[in-house]
Amino acid sequence: MKIDSHTKGEPSLQTLQGTLERVTYQNEENGYTVARIVPEGKSYEITAVGTLAGINVGESLQLRGVWTSHPRYGRQFEVSAYSVELPATVSGIRKYLGSGLIKGIGPVTAKRIVQAFGLETLDIIETDIERLRDIAGVGPKRAAMIADAWEEQKQIKEVMVFLQSHGVSTGLAVKIYKHYGEAAINVVRSAPYQLARDIYGIGFRTADKIARNIGIEVDAPERVQAGLRYALGTFSDDGHCYADREALLAAAAELLDTTVETCREQLDALVEQEDVIDVETDGTYSHSAIYLPPFFFAEQGVASKIQRLQTHPRDRLRLFREVDWDRAFDWLENQQPIQLAPEQRTAIRMALTQPVSILTGGPGTGKSTIMGSLITLARAKGRTVLLAAPTGRAAKRLSETTELPARTIHRLLEFKPGPGTSFLRDRDNPLDTDLVIVDEASMIDILLMNHLLKAIEAGTHLLLVGDVDQLPSVGPGNVLKDIIDSGTVPVTRLETIFRQSEASTIVVNAHRINQGQPPILTSAAEDFFFFGQPDPQRAASLLIDIVARRIPAKFGYDPGDDIQVLSPMHRGVCGVSALNSQLQTRLNPTKSGDSILHHGARNFRVGDRVMQIRNDYDRQIFNGDMGQVNTIDLEDRLVTVDFEGKYVGYEVSQLDELVHAYAVSIHKSQGSEFTAVVIPILTQHYVMLQRNLLYTAITRARELVVLVGDRRAIAIAVGNNRIAHRNTDLAARLVEKA
């Protein structure tokens with residue numbers, strides 16, 4: 001170990017050479033890693049911490065940093081810089097190859113190869129790959145696969161060496177190489193900000209770090225314009241369709257560490273290039289709204305298409321204008337043992353006589369009864385109905401409720417895989433049906449609503465069904481609320497509880513919370529329970545026990561299939577991340593002989609409940625889809641997930657699209673329904689404690705709700721009806737066109 005020269009008064013930087021034994025923690029957002037290293041020539045392990053994203057087990061690392069003492073974890077080597085080399089020991093080579101980095105070689109094959117060739121292993125793979133065919137289990141096909149993977153790794157290493165010199169991790173280097181191939185280094189040199197637009201997982205900050213390292217100046221036009229696009233994108237990520245010009249300039253100037261005037265000049269250039277759209281909009285005051293083009297055209301498109309549906313003379317359900325509705329409802333009630341309330345009759349008549357209409361209401365208010373009645377009446381008159389919902393789970397539930405096929409909106413519109421977002425069903429190839437019913441409409445963002453309306457031809461009726469009091473869509477816009485607020489589309493709001501019995505505490509409490517009243521927390525309830533434990537650490541332990549032991553013992557529910565934990569936040573001991581780690585350990589513990597694939601700090605095991613966290617249009621798996629790990633192939637480094645009968649394979653580079661889902665955020669639970677939900681609610685969740693958040697969480701449960709935490713947190717959430725404002729002009733556009 002050598003001591004480097006250093007500035008007087010600062011800790012001396014030391015160099016440590018060693019082999020990566022395992023990664024115990026990794027933050028995939030910033031690359032912060034806790035790793036166990038075996039120093040060169042030693043048999044013990046030390047802990048290294050720092051930004052070490054993309055390192056692989058078995059690799060030889062040269063680390064530069066200082067020794068520190070952590071009050072809880074003891075002595076650690078704090079890394080300030082590092083480099084990666086191919087392993088030079090038999091043990092390191094075995095771990096390196098067995099990590100799955102080389103497709104076709106898993107732990108078993110790696111052990112056999114290294115036993116046969118020892119320190120010559122990597123040279124033999126490089127220069128005499130045919131010799132691998134002497135190893136049991138390595139035939140011609142697998143040898144060829146290993147050769148191809150090794151060659152790809154060599155090219156990735158070249159890219160990696162270049163990128164690491166500019167502060168980019170190995171993991172991102174692999175993604176860059178896979179996207180651009182041999183052109184990767186050229187793209188990075190000539191257009192580094194393109195990385196942020198092209199590659200999932202590379203944001204502006206990473207691209208900017210590369211750009212600055214290769215010499216792009218702080219106020220260079222390409223840097224400022226990229227920063228403006230990124231800042232505008234963060235507004236969209238928060239649900240806004242546009243950003244106020246001055247707010248955008250302030251955010252970009254802070255991000256770029258430059259002046260507002262510099263940003264203003266480049267924003268004008270982006271407007272001139274039509275990369276962004278500047279619109280004068282009238283709200284409480286006149287201001288300049290800056291849109292990314294897709295959101296501007298979608299907002300315009302939704303308003304104009306709704307107006308066209310409402311005013312076009314064609315009507316495929318015209319016959320219902322002449323119906324004797326008293327006789328129709330009498331006939332309907334003879335078909336089904338349900339007495340329709342006046343507001344339910346109003347909703348049915350509205351949907352069959354109005355081209356576009358909305359049905360909204362909370363749980364138990366009869367939305368499903370109305371949809372079933374609509375379908376019965378339409379089919380009795382020989383008319384066709386199509387059913388859809390934003391998510392697979394919501395579509396499945398809609399199908400179960402109506403006993404008719406229901407599809408996701410993407411499937412209804414016949415999504416076409418490939419570059420961009422395109423659907424086979426559009427204005428040139430519309431849906432051939434008389435009535436389209438879309439459930440869980442509060443989840444539909446502005447882009448998807450625009451695609452849906454493109455595919456509905458004039459004359460077809462559209463009924464949007466949803467609970468406007470739930471959280472708005474994850475994507476930009478607040479479509480259902482905006483349409484209702486515009487007053488241009490007829491709306492039926494259901495407020496009387498019909499479903500289950502009025503004694504159902506879940507339904508009663510959902511409505512109480514929605515009205516600003518505290519939920520009833522009584523031991524007499526059979527489907528709604530509260531366990532008081534204000535200490536977060538103890539609350540987490542209690543929650544784990546409730547999920548793993550108490551609920552299964554009392555109700556017979558399967559914790560793997562029937563119980564879902566919903567947390568207000570991702571961070572903290574009762575956040576999604578920490579709870580997932582504990583729940584995985586308790587519900588799906590490691591057993592001898594299990595195949596386990598390590599990816600960063602995550603361990604994937606067969607049987608794990610997982611969730612897709614981004615839209616993958618090519619494979620038609622979407623943000624929020626939940627499934628179960630079905631198989632793990634350590635040789636090919638492949639995880640296969642069962643998404644309710646659809647099996648999807650994930651290579652290592654795709655695993656950052658997948659997270660564990662024993663616990664999920666309440667936002668991610670939208671559109672889903674679970675037999676039982678368990679919700680931690682503590683004052684440490686303060687920034688997220690809102691009425692519509694708690695209301696949404698409770699309404700995800702079909703049979704059982706369990707709250708764990710602090711009564712004060714419940715009171716804070718119920719009392720906080722301040723719904724985060726979203727920048728959208730859809731309501732104003734609808735009024736303008738009416």
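The values are calculated or read from the model by the stated rules, or taken from the named source; none is laboratory data. The model shown is predicted, which means the values in this text are computed figures rather than measured ones. All Cβ positions, even for glycine, are placed from backbone atoms using ideal geometry, and neighbour counts span all protein chains on display. SASA here: full protein model, heavy atoms, side chains in, ligands and nucleic acids out. Shrake-Rupley method; radii C 1.70, N 1.55, O 1.52, S 1.80 Å.
Sorting the segments 132-138, 203-209 by their residues' average number of neighbouring beta-carbon atoms within 10 angstrom, most packed first, yields 203-209, 132-138.
Taking GluC sites (Glu not before Pro) across region 234-308, the ones in a DSSP loop with at most 10 further Cβ atoms lying within 10 angstrom of their Cβ are Glu274.
Basic side chains Lys and Arg get +1 at the Cβ, acidic Asp and Glu get -1 at the Cβ, and with that the dipole of the chain about its Cα centre reaches some 1700 debye. Summary value for the chain: 11 percent relative contact order, contacts being C-alpha pairs under 8 angstrom separated by 6+ residues. Each principal axis of the Cα atoms in region 640-684 has its own extent, and those three values, largest first, are 39, 25, 15 angstrom. Building the convex hull from the alpha-carbon atoms of region 598-654 and averaging its projection over directions returns 3.8 nm². Could you please state how large a percent of the accessible area of region 478-590 is carbon and sulfur, counting protein chains only and using a 1.4 Å probe? Carbon and sulfur atoms account for 48 percent of the accessible area of region 478-590. Taking a virtual spin label 7 Å from the Cα of Thr384 along the C-beta vector, which residues in region 306-336 bring their backbone nitrogen under 19 Å of it? 314-320, by backbone N distance to the label point.
Summary value for region 651-725: 37 percent relative contact order, contacts being C-alpha pairs under 8 angstrom separated by 6+ residues.
To the nearest ten degrees, helix 576-587 and the longest principal axis of the Cα atoms of the chain are 80 degrees apart. Diffusion coefficient (Stokes-Einstein, Kirkwood radius over C-alpha pairs, 37 °C, 0.692 mPa s) for region 285-343: 204 µm²/s, rounded to a whole number.
Only helical runs count toward this figure. For the chain, summing -39,500 (n - 2.57) over DSSP H runs of n ≥ 4 and dividing by all residues gives -11000 deg cm²/dmol at 222 nm. If each Cα of region 252-400 is one equal point scatterer, what is log10 of I(q)/I(0) from the Debye formula at q = 0.10 Å⁻¹? The Debye formula, applied to the Cα set alone, gives -0.60.
The spacing between region 695-709 and region 342-403, judged by their C-alpha centroids, is 25 Å.
The residues of the chain expose, per residue, 45 Å² of accessible area to a 1.4 Å probe.
Counting only DSSP beta bridges whose two residues both lie in region 533-688, roughly 80 percent are antiparallel. On the beta carbon distance between Asp535 and Arg197, with R0 = 30 Å, the FRET formula returns roughly 0.10. Under 5 Å between amide hydrogens, built in the peptide plane, is the criterion, and for Ser504 it picks out nothing among residues at least 5 positions away or on other chains. Diffusion coefficient of region 342-499 by Stokes-Einstein, Kirkwood radius over Cα pairs, 37 °C, 0.692 mPa s: 209 µm²/s.
Once the gyration tensor of the Cα atoms in the chain is diagonalised, the equivalent ellipsoid follows with semi-axes of 49, 31, 27 Å, ordered largest first.
Excluding same-chain neighbours fewer than eight residues apart, the lysines reachable from Lys95 by a Cα-Cα span under 30 Å are Lys2, Lys42, Lys103, Lys111, Lys141, Lys154, Lys157, Lys175, Lys178, Lys591. Taking a ≥ b ≥ c as the square roots of the eigenvalues of the Cα gyration tensor, region 203-245 is oblate, since a/c reaches 1.5 or more and a/b is not larger than b/c. Over all projection directions, the Cα-based convex hull of region 409-550 averages an area of 13.5 nm².
Over region 294-438, Cα pairs under 8 Å with separation of 6+ residues give a relative contact order of 18 percent. Taking 27 Å as the straight-line reach from the Cα of Lys367, the lysines in range (excluding those fewer than 8 positions away in the same chain) are Lys305, Lys381, Lys396, Lys454, Lys481, Lys668. With a Förster radius of 25 Å applied to the beta-carbon distance between Thr401 and Ser653, the computed FRET efficiency rounds to 0.05.
Counting every pair of alpha carbons in region 564-703, the share spaced more than 22 Å apart comes to 40 percent. Roughly how many Å is it from the Cα centre of region 531-599 to that of region 195-215, as a whole number? Here the answer is 36 Å between Cα centres. Here is the size of region 683-738 from its Cα atoms: Rg then Dmax, 16.1, 49 Å.
Label region 371-425 by shape, choosing from rounded, prolate and oblate, from the square roots a ≥ b ≥ c of the eigenvalues of the Cα gyration tensor; if a/c is under 1.5 it is rounded, and otherwise prolate applies when a/b is larger than b/c, oblate when it is not. Oblate is the answer for region 371-425, as a/c is 1.5 or above yet b/c matches or exceeds a/b. Using only alpha carbons, region 529-588 has a radius of gyration to Kirkwood radius ratio (Rg to Rh) of 0.94. For region 557-638, the convex hull drawn through the C-alpha positions has a volume of 127 cubic angstrom per residue.
Relative to the longest principal axis of the Cα atoms of the chain, helix 342-353 runs at roughly 80 degrees. Full extension of the chain between Asp633 and Asp123 gives 181.0 nm of extra length, using 0.36 nm per residue less the Cα-Cα distance.
If the segment from Val187 to Glu158 were pulled out straight at 0.36 nm per residue, it would be longer than the present Cα-Cα gap by 9.0 nm.
With 0.36 nm allotted per residue and the present C-alpha distance subtracted, the Glu85-Asn623 stretch has 190.0 nm of extension available.
Using the Karplus relation 6.51 cos²θ - 1.76 cosθ + 1.60 with θ = phi - 60°, the per-residue 3J(HN,Hα) values for region 207-221 come to 4, 5, 4, 5, 4, 5, 5, 9, x, 6, 6, 4, 9, 4, x Hz, with x marking Gly and Pro.
Principal-axis analysis of the Cα atoms of the chain puts helix 245-256 at an angle of about 10° to the longest axis. So what's the gap between the Cα centers of region 420-498 and region 219-252, to the nearest angstrom? Region 420-498 and region 219-252 have Cα centres separated by 29 Å.
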